[in-house]
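Read the structure below first, then the notes.
The values are calculated or read from the model by the stated rules, or taken from the named source; none is laboratory data. Keep in mind that this is a model prediction, so the values were computed, not measured. Note that we place each Cβ from the backbone using ideal geometry, even for glycine, and neighbour counts take in every protein chain shown. Surface accessibility is based on the protein's heavy atoms, side chains included, excluding ligands, DNA and RNA. Shrake-Rupley method; radii C 1.70, N 1.55, O 1.52, S 1.80 Å.
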Amino acid sequence: MKINNQIIEKHGLKLEEYESIKKLLKREPNLLELGIFSAMWNEHCSYKSSKIHLKKLPTKGRQVIQGPGENAGVIDIGDEDAIVFKIESHNHPSFIEPYQGAATGVGGILRDVFTMGARPIALLNSIHFGSPSHIKTKSLLNGVVSGIGGYGNCIGIPTVAGETKFNETYNENILVNAMAVGHAKKNKIFYSKAKGLNKSVVYVGSKTGRDGIHGASMASAEFDENSEEKKPTVQVGDPFTEKLLMEACLELMKDNSIISIQDMGAAGLTSSSVEMASKGGLGIELKLDKVPCREENMTPYEMMLSESQERMLIILEDDKEKEAKKIFDKWDLDFVIIGKTTDTNNLTLKFKNEVVGEIPIEALASKAPLYDRKWSKKNSRKNKINIKSLKKIKIEDALIKILSSPNHSNKSWITNQYDQSVMCDTIQKSGSDAAVIRIHNKDKAIAVSVDSSANYCKSHPITGGKQIVCENWRNLTAVGAKPLAITNCLNFGNPENKEIMGEFAECLEGIKEACEFLNYPVVSGNVSFYNGTNNKNIYPTPVIGGVGLIKKLSQPISHNFKKDNSIIILIGKTFGHIEQSCFLKENYSIIDGMPPEVNLVNEKNNGECLLKLMNTNLILSAHDISSGGLITTISEMALTSNYGAKINKPKKLTNIFEYFFGEDQARYVIEIERKNLPKVEKIFKENNIYYENIGITQKNYLEIQDELKINTKDLFKINNEWYNNY
């Protein structure tokens, strides 16, 4: 077939990129080779628009065993234990086919983790949908939640934490980000770097079909009115086969048979083979006749670009093939030697004894395009909103509006579809600041959480980037965990738009600054560009997934009030920052102004002091303050307990709404026993912590002096109404 401009464009390549391909090959590529370049040079696989900025992120630390560049990041949690984790997007497939898009997102991220030698112990997700009133939202929500639950429940991994948010910016481009966390021994981590010549390249797992062809390319382009036509590019998952594949791989990993191992994820057999060879500085030869296919007459093009699920590529040590095959036969999985490593530094593809494709590995990897795209700084609005000029409302009405809104309503109807307790190590489920997972048979645990804040990032990307790292830090700290490292999923619009690229660059600057100050390195992640339809881009939505360590697992701290007549303390100073707040959005439909200032010194100092209090058993409950402000935080502590609260009006007060609904950062609400107040205050003063004694817990009512009194049962009913009626 003669390659023309239409074929080049259909493969998602620019004409100038095609000219580069011809120079690298010193000839015209054939259609198979063009497809392979398309897969490896697209945004999803090459990071060609983001790599320059990603290099600025802090990725190292004493706790880091493996940073970005492998299937997943790895951190040290002591006692020869390691945690392996990563988050990735499956946005485009989930919009086209929500069940399978979400399900295969879960399957793919699980393979990234057990490929490294870790047994997965937890799943998390961050899912964003359009306006609840949009015609597509309800079916997309139901499909995505069913897909996440269906895959995770069937494979037997607990889905323990996440977030579900609604905003009209996602009307035509939802976000589905899946995170997986696994546990391994430090001395049994497996990598994807190929080594040695004439080593067997083995295909294992499920058979190859025509599903998912051009999936990675689809994820590297905006949607348009014809997005429904792309349904054939969505992969189809089988969690039962994935369970078999996971157990077979983990069994094989018990000895020293494996040289390298790689998941066939985006771009399938193409990316897995190229990445293994590239990292090892080797060539790789594949005999495509031997690829197990589930459909008849599949072409080399289809085999190389298929994104069929539940497949892996393994390079084995000499004379290990026979024993390895026994394991995969036992688990009823394909095990076929389809090639070997070579010294040619080429990807050589053979079919029916003919060479059908030959490409230098470096042309697909290190010689891929790298763009330093033009970007512009965000011009943020500086004028402060005058809250006194707004229509007067009661605190009770404002609080009810927030607690009954889609973004703050109880989401248990979603989380109840996920098995959170399978494997029997889930100590604290979703609903608290972070989930807590015991390290099996040990008296220690990890805390995990995912967070995002698109409106802050849209308003002022640098501050928004800092804020979301800090919120994730606070969520781990609030359950008594020392934050160790993060993974990020960076969801943005079209990088060819300099304003969008500016949002990306500045958000990363904020993330970098916060991670460096908090010693909270980035060990893995994913960039998802081109999130938009017909030139309408989503808000910048970086999602942060964090992991923290609880060294001694006695009883993790949760955010529900524990006792009657105990002391409630506010940690951190309240300035009453109301712009970009949930209060203004839900009560006045105002989304304007600057996000709250992020003071990294206060974040670190307040968080570390809170951990000191927890380590000396002085805290009954704790909750970080974020969206909705102080009164929303206190309400959430009451909603999940048998107790309410009686809160004093502050003596120094400019505006009661700013005080109770302001979203100032670096703050927590804690509950302590009365007898411990002198000890707690002493620690605060020794650590230069600003705090306020704001009230006490009580039975049955949430109350603010002279302003609000509402029965906690009514509060619970209000908080559950929206989802029950949707």
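Points worth noting:
- Centre separation in Å (Cα based) which lies between region 170-192 and region 234-255: 15 Å
- 5 Å binning of all Cα-Cα separations within region 534-606, expressed as whole percents from 0 upward: 3, 9, 10, 14, 19, 19, 13, 8, 4, 1, 1, 0
- Selected from Gly117, Gly73, Ile127, residue furthest toward positive end of dipole (region 45-149; charges at beta carbon): Ile127
- Scaling against 2.2 N^0.38 Å puts the C-alpha radius of gyration of region 392-452 at 1.56.
- Contact order relative to length of region 110-179, as percent, for alpha carbon pairs under 8 angstrom and 6 or more apart: 51 percent
- Across the options Tyr668, Thr208, Ile52, the greatest Cα extent toward the positive end of the charge dipole of the chain (unit charges at beta carbon of Lys, Arg, Asp, Glu) belongs to Tyr668.
- Solvent-accessible area, 1.4 Å probe, carbon plus sulfur percent, for region 41-157: 51 percent
- Alpha-carbon Rg/Rh ratio, for region 508-637, with Rh computed the Kirkwood way: 1.00
- Cα-Cα over 30 Å, subset of Lys392/Lys563; Lys377/Lys411; Lys392/Lys652; Lys2/Lys136; Lys458/Lys562: Lys392/Lys563; Lys377/Lys411; Lys2/Lys136; Lys458/Lys562
- Per residue, the accessible area of region 331-463 comes to 50 Å² when a 1.4 Å probe rolls over the protein heavy atoms.
- Restricted to Cα atoms, region 335-465 shows a radius of gyration and a Dmax of 27.3, 80 angstrom.
- Over the chain, Cα pairs under 8 Å with separation of 6+ residues give a relative contact order of 15 percent.
- DSSP-assigned coil residues among GluC sites (Glu not before Pro) in region 555-604, each with at most 16 further Cβ atoms within 10 Å: Glu597
- The calculated FRET efficiency for the pair Glu686 and Asp443, based on their C-beta separation and a Förster distance of 30 Å, comes to about 0.55.
- Put simply, the convex hull of the Cα atoms in region 301-401 casts, on average, a shadow of 17.2 nm².
- Separation of alpha-carbon centers, region 579-638 and region 667-726, rounded to whole Å: 12 Å
- By the rule of a C-alpha distance below 12 Å, with chain neighbours fewer than 8 residues away ignored, the aspartates and glutamates paired with Lys320 are Asp255.
- Measuring nothing but protein heavy atoms, the accessible surface of region 267-392 at 1.4 Å probe radius is 45 percent carbon and sulfur.
- Using the Cβ of Leu553 as centre and a radius below 9 Å, the other residues enclosed give a net charge of +4, where K and R count +1 and D and E count -1.
- Cβ-placed point charges (K, R +1; D, E -1), dipole of the chain about Cα centre in debye, nearest 20: 1800 debye
- Cα pair count fraction exceeding 16 Å, expressed as % - region 1-47: 27 percent
- The gain in end-to-end length when the Leu25 to Lys651 segment is fully stretched comes to 217.9 nm, 0.36 nm per residue minus the alpha carbon separation.
- Shape class of region 1-160 from the alpha-carbon gyration tensor: oblate, with a/c at 1.5 or above and b/c at least as large as a/b.
- Projecting the Cα atoms of Ser409, Ile393, Ala454 onto the dipole axis of region 390-471, where Lys and Arg carry +1 and Asp and Glu carry -1 at the beta carbon, places Ile393 farthest toward the positive end.
- Region 471-530, accessible surface, carbon-and-sulfur percent (1.4 angstrom probe): 39 percent
- Once backbone amide H atoms are built at 1.01 Å from N, Ile427 has Val436, Ile437, Arg438 as its partners under 5 Å, excluding neighbours fewer than 5 places away on the same chain.
- Heavy-atom accessible surface of region 477-621, averaged per residue, reaches 32 Å², computed with a 1.4 Å probe.
- Relative contact order of region 368-439: 13 percent, from C-alpha pairs under 8 Å at least 6 residues apart in sequence.
- Between helix 15-25 and the chain: long-axis angle, C-alpha atoms, 0 to 90°, nearest 10: 50 degrees
- Residues Gln6 and Lys536, FRET efficiency given R0 of 30 Å [Cβ-Cβ distance, rounded to 0.05]: 0.70
- Rg(Cα)/(2.2 N^0.38 Å) for region 628-726, N = residue count: 1.19
- Each 5 Å bin, from zero up to the one with the longest distance, holds this percent of the alpha carbon pairs of region 247-298: 4, 14, 19, 22, 23, 12, 4, 1.
- About the Cα centre, charge dipole magnitude for region 81-225 (Lys/Arg +1, Asp/Glu -1 at Cβ), debye: 1040 debye
- Net charge dipole size for region 356-439 [Lys, Arg +1 and Asp, Glu -1 on Cβ; Debye, nearest 20]: 1140 debye
- Extension gain, Lys56 back to Ser139 (0.36 nm per residue minus Cα-Cα distance, nm): 25.9 nm
- Proximal charge balance of Leu370 [Cβ under 14 Å; K/R count +1, D/E count -1]: +1
- Other residues whose C-beta falls under 10 angstrom from the C-beta of Leu349 contribute a net charge of -2, scoring Lys and Arg +1 and Asp and Glu -1.
- Listed by chain and number, the lysines whose alpha-carbon sits under 19 Å from that of Lys367, ignoring those within fewer than 8 places in the same chain, are Lys14, Lys22, Lys23, Lys26, Lys48, Lys51, Lys55, Lys193, Lys279.
- Residues of type aspartates and glutamates that Lys207 reaches as a straight line, Cα spacing below 17 Å, ignoring anything fewer than 8 places off in the same chain: Asp238, Glu242, Asp263, Asp289, Glu295, Glu296, Glu302, Glu307, Glu310, Asp329, Asp332, Asp334
- A helix-only calculation puts the chain at -10000 deg cm²/dmol for mean residue ellipticity at 222 nm, using -39500 (n - 2.57) for each DSSP H run of at least four residues, averaged over all residues.
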